[in-house]
Structures are given as structure tokens and as C-alpha cells.
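The values are calculated or read from the model by the stated rules, or taken from the named source; none is laboratory data. Given the structure is predicted, the values throughout are model-derived calculations rather than measurements. We place every Cβ from the backbone using ideal geometry, glycine too, and count neighbours over all the protein chains shown. Note: areas computed on protein heavy atoms with side chains; ligands, DNA, RNA excluded. Shrake-Rupley method; radii C 1.70, N 1.55, O 1.52, S 1.80 Å.
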Amino acid sequence: MANLQKIEVAASRPYPVFLGVRLEDLGEYLQTRQTLGSQILVITQPVIAELHGERLAEGLKDFKVDIINVPEGEGEKSLDRLSSLTSEAVRLGVDRSTLVVALGGGVIGDLAGFFASVFMRGIRFVQVPTTLLAQVDSSIGGKVAVNHPAGKNLLGAFYPPLAVWTDFSVLASLPWNEVQNGLAETVKHALIADADLFAFLEQHQEQIKEREQGIWREMVTRSVAVKVKIVSQDEREAGIRALLNLGHSFGHALETEMEFQGISHGQGVALGIVAAAGLAQARGFITEAEVERIVQLLKSFGLKTEVYDKSAANLLHLMEADKKNQGGRKVLILPKGIGQAVVVKDCNDEEILSAWEKVIR
Ligand code: GLY
């Protein structure tokens, strides 16, 4: 297949990201992994099983396949769900040789991956991402987790998958608000590490909105390449990997303020990128013209670049809970021009307040 690509992720256990493959061909690939047993446990959601389950199952005929459907929503990334998955897995006879297939978006990847990381002290799993966000971002990097009432992703692990199996065709049915989540992370990848990808997104805004297949393929592949390059250098987030959090400190504060209602993760990240760019401009890291390019690109995808009726002081306060903060100091990722970013540990509250004020109307 001409469009098939394989990108290797360097990690404690290296793994390939296959791009442009077909769901039907996963089984054939797994047959080549000789140490696997004959059972496959697919963890997915009802809508995804309905859309893609049959195609996946077609290639898995030589395995004993069991499916566990998890209801939709971030709320399912919970210890309760982990416990019920465990009971169900035991009932189905899952053992150390069973392979878990995480078929879905970010919630399924995180939940199924965390389950695989702890069940019998760790069984193998494959990520089969079905959203743009999962394909360009959350299926790669090995971080898996569930939430806890005391914090999002508070219980987790670094647990690399056996492989990531990315079939572009599953994106055709994705609702636009889901596409936007992936586009926000793709703009972020371009901004922190790939100026050419940023220019590509600008040049092909219309084709991207029209979901032109060739353009989407190139966009996903280049966005994946950024993520792979960064996580391969810093599996455990001791340094450069923190750059992937650009826009997330501001964005997460906004999502928290809105109690995760009426704002998607991508919208929060987009707004966060604009706020971070404003702060970077005040520090002389980026020009006004470059900030304008960022705003225009996000806007063209219908992403948020301003918010209404918010208190900057309250949003600043909410940033205090950010996991990246060190010793009471806020740690922020700021763009340096387009195609580069830096970790900044000495931002004061006045600077952050004025960054918020620039995006509040
Ligand atoms: N699961 C997302 C990451 O590892 O970055």
C-alpha cells in the first residue's frame, strides 16, 4: 500500500506506529507476533463497535475475540470502571497471554491501556485510535491513566503499547467537534516543533475543512511525526516532552472553570495557545504578526480564540493546581516564534493576568 508508513517510537519498550493501515489487517500483523496467545480482548464503546467492530473482527478470525463495551464519557476513566473491567476480564478467562485492543478515542486508550498495565501486573495492548485527537496525540507516548475525584489522570503509568494501528478511513464519520479536538493538538504540534507543518495547515485550511483525504493523511502523518520525535527523546517527561503541554495550563484552567461543560478539550487548548502566545509576545519571544497567524489559523477551524465574561483572577487561581508547577511557581510553555517553544519557570502573576485579559472580552 503506497500510503502505508511505519514510524518507530524509541521507548523503554520501543514500538511502531503504523499509519495508513486497514483495521482488517491488524490480525495478520498480530499473527507475526509469535509470543501472543490466542485470545484478544477488545475494549471499546458501543458506537465505535457499531461503526468499526465488524471490520476489525474480519481480520481477527483466527483469534478468540471477546469485546467489552464501555459507556461513553470521560467519567468512565474511573477506578469503578477499572474494577468492573477486571471482573469482566476474569469472567472471560483473560490471562497473561491475552492481548488487549483499545479501539476508540482518548478515553478508551487511557482506560484500556491502564487496565492492561495493571491486570496481572501487565498484559500487552495495541492502540487502535478512532478519533483525530487519538491518532495524532493520545495513542502515542505510552501515558495511560484513570481519573480520581482528587484529580484528572491522577492514577496512571508509562506503559508503551505493542503497536499503534492507525487506519485513516475511520475518521470519515467523525463529527466536526471531534475533528476540532484533533486540529487543536495538530496546530500545537506545528507551533512547538514544525514551522513547515504550520505553513501546510495555513495553506490547506479549506481542504482540511472539506476533509480532503490526501491532505488529511499528510496532516496526520506530520503531526504524528512531531509527537513521536518528542516522546522518543523524553519518554518520562523529564524535559522536552513538557513542550507538548503548550496551551494546556491556560486551557485546563478554563475547562475547570466551566466544569467541563460547554467547552471541549480542543477549544480549551486553542484558547490556551492564544493566551500563551500573548504572554510570549509580551516577553518578546514572538511577533504580533506571528500571534495573528496563530489566531487566524485557529479561527479558520472554528476554534476558540477569545472568551466572554470570565474573571482573569479566578482563572489565574485555577492555574495553581497545574501538575507542572514547581515549588509554588507556575511553569508555562511558551511559543518562540513559529516552530519552537520553551519551558518558562519565572512567569509572574501579573504577566499571566494580562495574558488572560488579552483573550477575555
Ligand atoms: N497517552 C498520551 C501520551 O502518552 O502522551
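Here are a few things to note about the model shown:
- Cβ-Cβ under 6 Å pairs, at least 6 apart or on other chains, segment 27-47 side touching a residue at least 60 places away in the same chain (Cβ under 8 Å), far side charged (D, E, K, R) and surrounded by fewer than 16 Cβ atoms within 10 Å (Cβ to Cβ): 39/64; 45/72
- Qualifying residue in segment 266-275 (condition: part of a helix (DSSP H, G or I), more than 18 Å from the chain's Cα centre (by Cα) and at pLDDT 95 or above): yes
- When 332, 297 are checked against the criterion of being surrounded by 14 or more Cβ atoms within 10 Å (Cβ to Cβ), among the hydrophobic types (A, V, I, L, M, F, W, C) and more than 26 Å from residue 152 (Cα to Cα), a single residue qualifies: 297.
- Residue selected from segment 97-126 under the condition more than 15 Å from the ligand (Cβ to nearest atom) and among the polar types (S, T, N, Q), by the criterion farthest from the chain's Cα centre (by Cα): 97
- Being under 26 Å from residue 177 (Cβ atoms) and assigned to a strand (DSSP E or B) is not true of residue 294.
- Residue 103 being touching a residue at least 60 places away in the same chain (Cβ under 8 Å), in contact with a Lys or Arg (Cβ under 6 Å, 6 or more places away or on another chain), buried (at least 16 other Cβ atoms within 10 Å of the Cβ) and among the hydrophobic types (A, V, I, L, M, F, W, C): no
- Exclusive hit being aliphatic (A, V, I, L, M), open to solvent by less than 30 Å² (accessible area, probe 1.4 Å), more than 16 Å from the ligand (Cβ to nearest atom) and farther than 28 Å from residue 12 by Cβ, set 57, 89, 49: 49
- Residue count for segment 91-106, restricted to those that are within 19 Å of residue 56 (Cα to Cα) and in a helix (DSSP H, G or I): 1
- For segment 72-90, the criterion of being part of a loop (DSSP other than H, G, I, E, B) and closer than 16 Å to residue 170 by Cβ is satisfied by no residue at all.
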